[in-house]
Number of protein chains: 2
Amino acid sequence: MPTAQPPTKAVRRGRPGYDLESLLQVATRLFNERGYDGTSMEDLSRKLGITKSAIYHHVPSKQELLRLAVDRALDGLFEVADQVEAMPGRAIDRLEHLVRGSVGVLVDRLPYVTLLLRVRGNTKVERDALARRREFDRFVAELVKQAETEGDIRPDIDPNVTARLLFGLVNSLIEWYRPSRGTDGAELADAVCKITFDGMRVRNGR
Amino acid sequence: MPTAQPPTKAVRRGRPGYDLESLLQVATRLFNERGYDGTSMEDLSRKLGITKSAIYHHVPSKQELLRLAVDRALDGLFEVADQVEAMPGRAIDRLEHLVRGSVGVLVDRLPYVTLLLRVRGNTKVERDALARRREFDRFVAELVKQAETEGDIRPDIDPNVTARLLFGLVNSLIEWYRPSRGTDGAELADAVCKITFDGMRVRNGR
């Protein structure tokens with residue numbers, strides 16, 4: 001049986017509407033609109049209509065807000081990578097699972113993934129995020145190489161280039177995909193996989 | 001026989017090393033590094049080691065520098081689109097020509113295309129650039145639709161989505177492609193077309 005919890009109101013200590021979650025959402029939106037460097041804690045407090053010390057009650061710094069936000073995206077991507085590592089079967093099928101899962105993370109956590117993909121590396125948090133992105137990219141490239149070794153991926157393109165093109169396409173979704181416009185995450189993942197694995201061109205016998 | 005020209009030095013009026021061309025190159029690099037909004041004419045004059053009035057000798061404003069820079073990219077893309085409009089043949093072949101040509105423009109004019117793709121629309125110049133981008137995107141989408149009508153492109157994906165995925169991949173090249181790293185423009189265009197038109201997967205009979 002669940003333990004009784006104090007009402008949320010008490011936890012928020014009289015700051016209506018802003019817990020860490022909603023603070024993070026607003027901060028991420030601002031970072032995406034104005035750039036991380038271009039957004040001050042002052043801007044954020046004005047946008048939220050609360051004092052800076054009310055923000056510092058939740059997080060020690062702007063960098064920490066950035067870390068929490070980009071980790072939402074990175075943790076999602078690495079959960080998918082962990083699933084794929086544990087999967088049996090051919091590398092090409094595991095690569096397809098990785099692409100579908102990554103599109104899912106992008107759709108579900110669009111503002112966080114957008115922020116992650118725009119990070120440029122001026123602070124420790126940004127450099128750490130870039131290092132985790134590179135680790136993910138290496139994982140993709142290894143999977144492409146393995147699928148090529150298994151004879152399932154065309155050998156006439158450098159596997160590093162194939163991996164970059166594949167996830168270049170996935171990442172480019174942040175530029176135009178908006179959940180409100182009708183295409184849902186599964187349809188989108190389907191379209192991405194059809195085009196990148198099998199191509200746009202109609203062939204005899206398909 | 002060519003007409004005798006006054007020596008370049010005289011044209012530059014004693015400002016060694018900076019004609020409009022090199023000014024535009026440096027400005028574009030700065031805009032890409034710091035963002036257009038985040039770069040002042042003061043920053044630019046400091047970077048160039050010349051006075052602001054020496055810059056104003058070449059261009060009337062920062063906006064005009066931006067316009068010249070993004071037009072380099074847009075003019076290149078529309079030249080390719082014009083070639084494609086004048087081409088005979090099936091839409092799928094013309095689409096492939098458009099993709100190859102666009103990759104070529106991106107490779108040849110990388111800093112200008114990078115700037116174009118990061119424009120967000122706060123000023124008239126930016127809004128004009130976004131309007132031309134949308135015009136180009138509509139041209140791509142129409143070509144995809146025509147190729148689908150001709151039975152050459154798979155009909156199981158919304159042609160607008162196919163067009164966005166295709167050029168999403170092309171545009172994503174700015175994130176990682178560097179001419180110094182060995183892959184040249186033609187190889188890159190080849191890889192992009194192989195993956196998007198025919199897919200990564202090895203099929204029996206290929």
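The values are calculated or read from the model by the stated rules, or taken from the named source; none is laboratory data. Everything numeric in this text was worked out from a predicted model, so none of it was measured. Quick reminder, even Gly has a Cβ in these numbers, built from the backbone with ideal geometry, and neighbours come from all protein chains shown. Note: areas computed on protein heavy atoms with side chains; ligands, DNA, RNA excluded. Shrake-Rupley method; radii C 1.70, N 1.55, O 1.52, S 1.80 Å.
When chain B is treated as a Gaussian network with alpha carbon springs shorter than 10 Å, the biggest mean-square fluctuation among B:LEU116, B:LEU106, B:LEU68 belongs to B:LEU68. Chain A packed on chain B takes about 3600 Å² of accessible surface away from a 1.4 Å probe, both sides summed. The trypsin sites (Lys or Arg not before Pro) of segment B:72-158 meeting both criteria, a DSSP state outside H, G, I, E and B (loop) and at most 16 other C-beta atoms within 10 angstrom of the site's C-beta, are B:ARG90, B:ARG120. Looking only at segment A:92-135, which residues have a backbone nitrogen under 19 Å from a spot 7 Å from the Cα of A:ARG178 in the C-beta direction? Counting backbone N atoms under 19 Å from the label point, the list is A:106-115.
What value, in deg cm²/dmol to 500, does the helix sum -39500 (n - 2.57) over DSSP H runs of n ≥ 4 give at 222 nm once divided by the residues of chain B?
Numbers: 10 runs with 133 residues, N = 206.
The helix contribution divided over chain B gives -20500 deg cm²/dmol.
Within the shell defined by Cβ-Cβ distances under 11 Å, the residues around B:VAL105 carry a net charge of 0, with Lys and Arg each +1 and Asp and Glu each -1. Add +1 for every Lys or Arg and -1 for every Asp or Glu among the other residues with Cβ under 13 Å from the Cβ of A:THR162, and state the total. Here the count lands on -4. The Cβ shell under 10 Å around A:ARG90 holds other residues with a net charge of -3, Lys and Arg each +1, Asp and Glu each -1. Reported to the nearest whole Å, the Cα centre-to-centre distance from segment B:150-206 to segment B:21-67 is 35.
The charge dipole of chain B, taken about its Cα centre with unit charges on the Cβ atoms of Lys, Arg (+1), Asp and Glu (-1) only, comes to about 880 debye. Taken one residue at a time, the phi angles of segment B:45-58 give Karplus couplings (6.51, -1.76, 1.60, θ = phi - 60°) of 5, 5, 4, 7, x, 10, 6, 4, 5, 5, 5, 5, 4, 8 Hz. Gly and Pro are set to x. The angle between the Cα long axis of helix B:124-149 and the main principal axis of chain B comes to about 20°, on a 0 to 90 degree scale.
Taking amide H atoms as placed 1.01 Å from N in the peptide plane, the amide H of A:ILE153 lies under 5 Å from those of A:GLU148, B:VAL202, each 5 or more residues away in sequence or on another chain. Note on the protein assembly as shown: lysine pairs with Cα distance below 27 Å, sequence gap of 8 or more or different chains, count 23.
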